[in-house]
Amino acid sequence: VSGPVGFTSNPSVLLFASCYDDPAQDCVALRSIDSGVNWSPMNLTGGSKVSPDGQPCLDSNPLAWVHSLNINSGLVFATTDDGLYKSMNDGESWTKVDISATSPKGLFLDESVTPPLLYLGTSSGIWVWQDGNEGGAQLKYNAVASPIQSFTGSRSDGRLTLSFVDSSVSACPDTATEKDCGYVNIFSSILSADDVLLLSTFPFEKTNQHGFRVVSAPIDSTLMYVTGARSWPKSLGTSVWAGALVGSSFLFELKFLQSDPANSYSRWPVDKLDYSAVGLDVGYWDGGYYTFGINAKNPLEAGGSGNFFLHVTRNGGEKWESPFTEYRDGCNTDDKRSSGERWSSTGLEMTSFRHLKFNPYNLTNGFASVADINMLRTLDGGESFEISNTGLISINTLYDYTFVSASIVIAVGGNFHDWPHGWYKNVIRGAGGVFISFDCGSTWRRLGKPISSNCSNELFETDCSVVNDYLGQDMIRQTLSVLYDPSSNDGTVYIGTQSAGIAQLKGLQSAIDSGFVDIVDNLEWEWINTGLGNVQAGLLVPELKLVNNKLYALLSGDAPSYSNNQTTGIYVFDSTATSWKILRGTVIRPSNVAPQFTLLLYPVSFDVDPVTGTLWMVDYNAGHYNYLAPGIWKSTDNGETWNRMMQVTHPHQIRVVDSRVYVCSSWSISRWGAAAPSDSSWGYGGMFHSDDAGLNWIRNENIPLLANGAGVTIDPQDPNKLFYSFFGGGMLKGPIPQ
């Protein structure tokens, strides 16, 4: 769970920590002294625990950073799960603040006096002390009866305002539980710092305003924001109320709700929200905010982020921006934002791109495989993108594309996202299938009959005796790869599924030339799995390729059983015998892989050098504690012998481009594999290339994202540029690495 970036009294120094909820997962806090360009480990909590590469691990996860507004004072605090930490040098070193209060819910640093006053809200109460006199900390409010969920404070013009959200069960009887909803309580008074220390208790007043989180700017005691919680149903967690001081009381007004369930889920008005690409094309159905912050020096600026939204206001909630996407069709729509139009990213990107393919018959048209939002299409060479999913049925993700002409494109996909991550790597029937578009991807329809000509009961989760039933329609299933060969049988389409192997459809070109769509609809699929192994266990085929008129396929592991671990790898199709031949002879075991670990357990990508015939393949860490076994594999003798060229734990794609080989991979997702590349260990991730047939590999360090690499595509209009795609990081375009 990533917390917000922390600022310090030095504008160039930033703090950050991205941690798992699971305390067993190691987490390292980071510090940057050059405005976020470079980051170094930071020993925040002072424990002795270290990561596999020797970096200091946190003993507790950071919740928030609170810094001094006095430039270069060096003072910054961090609240964590187990208490409060202080730095006098902008995070270079830290000490734990020695007070008995635990479970922090918010901290207010009052710098109107010297030394400053600290107000720490915890679940059980509110403590106050002067900085440096922690031993004199006083409990000024006891919240044992109704624990505090969030706390904030501010001071301006002599007025002190403190507020917190309690745990009143009655606050949200129809919205959430007592753990994430309560009433806002406020204490606001003209009060000096000396008077604060003399008070025995803060006389808070409970308001009628409910919420989960309350925030305010430390320099303005007249304005605060209250938000909902992610657990609130029906999008209500996105609610934002602004509370303004009017006379002696705070009045609250709803300033944002991304979609209103009481009004047919209508969007927040267009004059109050700049609609985003995700909101219009996918829907405003995020549950709420992971973080919601406010500009410490300007309370009119605030914002929050959720799973795939970022909403920001610069005028106290009157208007909200969506600064993570930029509308590119304004000249055609008078700046009215609507679905199905063109957009581009501003760099704040969280979409999961697998790869991008350009149409070789029309180089400006490209199609991307993107999780959760079906797909993305570009018609201008990658400058802008749009979702074009009319006619796609039971599709979460289109996994692959192939092209028939400048306007005809074929796509495959399914209703399960994120292959090969987690359990999504398993053999899965699912739904989805094969779709064709005759208008550059503007509209789609199923290709061929839903039942194959040789539907077999042996196919994974298929009962061919059931007519017009889901399981009987064997072509309606999750599909990962597709290839069109115009030279074979009057145009043949091949597909690789995530459960039932490979099928082909012949005669597509004649059907298209007829001009009758119903002829295309009635083309029949035929399974061609001879030689691939046990169909009943499931045959998972993530990639297909046509190289030098030879048809190749990649057979992956039949997870979770992995019963086919001796027959995974690259296959070539013998059209005369209509069977597949495996190109896997001896697999040389690397010296650091013990005998009990399986080699080539789960291949995910391959390529064939069209000049030398060299075979390349990468396999993925699929479990079984097989961390050291995966990597980049090479065969120069048509598969008779395979050698691993480099260990990579989570590679996703390998591509041969002229004499260069590219590999895209993720960092290890486990705490055991988080070792740094410099230690020559394992857990490598990033965008690699080799110019010497795999003897040496160079990681591209000149890109903003160095992990979660998923794919690479050379720009067909400029061979000196490429596109990198990332899982959870969008897509980058830039120069090819030198």
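Name the residues in segment 726-738 that are touching a Leu at 6+ places or on another chain (Cβ under 6 Å) and at pLDDT 95 or above, would you? Within segment 726-738, I736 is the sole residue that qualifies.
Among the residues of segment 542-576, just one is among the β-branched types (V, I, T), in contact (Cβ under 8 Å) with a residue 60 or more places away in the chain and in contact with a Phe, Trp or Tyr (Cβ under 9 Å, 6 or more places away or on another chain), namely I570. Tell me whether segment 483-497 contains one or more residues that are out of contact with any helix residue (DSSP H, G or I) (no Cβ under 8 Å at 6 or more places or on another chain), outside any loop (DSSP other than H, G, I, E, B) and within 17 Å of N396 (Cβ to Cβ). Yes, segment 483-497 has at least one match. When restricted to residues that are under 14 Å from Q504 (Cα atoms), of a type in the set (S, T, N, Q) and in contact with a Ser or Thr (Cβ under 8 Å, 6 or more places away or on another chain), segment 467-482 contains 1.
Restricting attention to segment 567-586, the residues that are at pLDDT 95 or above, open to solvent by 10 Å² or more (accessible area, probe 1.4 Å) and part of a loop (DSSP other than H, G, I, E, B) add up to 3. All conditions in (1) over 23 Å from A411 (Cβ atoms); (2) open to solvent by 20 Å² or more (accessible area, probe 1.4 Å); (3) in contact with a helix residue (DSSP H, G or I) (Cβ under 9 Å, 6 or more places away or on another chain) hold for S322, with the sole exception of (2). T462 satisfies every condition listed in (1) of a type in the set (S, T, Y); (2) surrounded by fewer than 19 Cβ atoms within 10 Å (Cβ to Cβ); (3) touching a residue at least 12 places away in the same chain (Cβ under 8 Å) except (2). Which residues, taken from segment 213-244, are part of a loop (DSSP other than H, G, I, E, B), touching a strand residue (DSSP E or B) at 6+ places or on another chain (Cβ under 6 Å) and within 21 Å of W285 (Cβ to Cβ)? Correct list: S235 only.
Checking each residue in segment 693-738 for being free of Cβ contacts under 8 Å to residues at least 24 places away in the same chain, in contact with a Gly (Cβ under 9 Å, 6 or more places away or on another chain) and closer than 28 Å to T636 by Cα picks out R699, L722. If the condition is being charged (D, E, K, R) and open to solvent by 10 Å² or more (accessible area, probe 1.4 Å), then segment 604-649 contributes D607, D609, K634, D637, E640, R644. Scanning segment 675-696 for residues that are open to solvent by 30 Å² or more (accessible area, probe 1.4 Å) and either β-branched (V, I, T) or modelled with pLDDT of 95 or more (or both) yields D691, D692, A693, L695, N696. Here V37 meets the list (1) open to solvent by 20 Å² or more (accessible area, probe 1.4 Å); (2) free of Cβ contacts under 8 Å to residues at least 60 places away in the same chain; (3) not in a loop (DSSP other than H, G, I, E, B) almost entirely, failing just condition (3).
Within segment 507-522, the set of residues being small (G, A, S) and either more than 19 Å from S453 (Cα to Cα) or part of a helix (DSSP H, G or I) (or both) comprises S510, A511, S514, G515. The condition of being over 24 Å from A559 (Cβ atoms) and under 32 Å from the mean Cα position of the chain (by Cα) does not hold for T497. Within segment 426-449, being open to solvent by 50 Å² or more (accessible area, probe 1.4 Å) and part of a loop (DSSP other than H, G, I, E, B) holds for F438, D439, K449. Does segment 482-504 contain any residue that is within 30 Å of D418 (Cβ to Cβ), open to solvent by less than 10 Å² (accessible area, probe 1.4 Å), in contact (Cβ under 8 Å) with a residue 40 or more places away in the chain and among the aromatic types (F, W, Y)? No, that holds for no residue.
When segment 547-566 is filtered for residues that are part of a strand (DSSP E or B) and buried (at least 18 other Cβ atoms within 10 Å of the Cβ), the ones remaining, listed by number, are L551, Y552, A553, L554, L555.
Within segment 218-228, the residues that satisfy the criterion of being crowded, with 24+ Cβ neighbours inside 10 Å and hydrophobic (A, V, I, L, M, F, W, C) are M224, V226. Note on segment 524-541: residues that are open to solvent by 10 Å² or more (accessible area, probe 1.4 Å) and farther than 17 Å from C455 by Cβ amount to 4. Remark: W672 falls outside the filter, which requires a residue to be modelled with pLDDT under 95, touching a strand residue (DSSP E or B) at 6+ places or on another chain (Cβ under 6 Å), of a type outside the set (D, E) and open to solvent by 10 Å² or more (accessible area, probe 1.4 Å).
Scanning segment 358-383 for residues that are buried (at least 20 other Cβ atoms within 10 Å of the Cβ) and farther than 17 Å from D281 by Cα gives F358, N359, N365, G366, G382. Output the residue which, of all residues in segment 396-425 that are open to solvent by 10 Å² or more (accessible area, probe 1.4 Å) and in a strand (DSSP E or B), is farthest from H650 (Cα to Cα). Filtering segment 396-425 for residues that are open to solvent by 10 Å² or more (accessible area, probe 1.4 Å) and in a strand (DSSP E or B), the one farthest from H650 (Cα to Cα) comes out as F403. Considered as a group, the residues in segment 276-286 that are in a loop (DSSP other than H, G, I, E, B) and surrounded by 19 or more Cβ atoms within 10 Å (Cβ to Cβ) include one that is modelled with the highest pLDDT, and that residue is S276.
The values are calculated or read from the model by the stated rules, or taken from the named source; none is laboratory data. Note that the structure is a prediction, hence the values are computed from the model and not measured. Don't worry about glycine lacking a Cβ; one is built from the backbone with ideal geometry, like all the others, and counts go over all protein chains shown. With ligands, DNA and RNA removed, areas are computed over all heavy atoms of the protein, side chains included. Shrake-Rupley method; radii C 1.70, N 1.55, O 1.52, S 1.80 Å.
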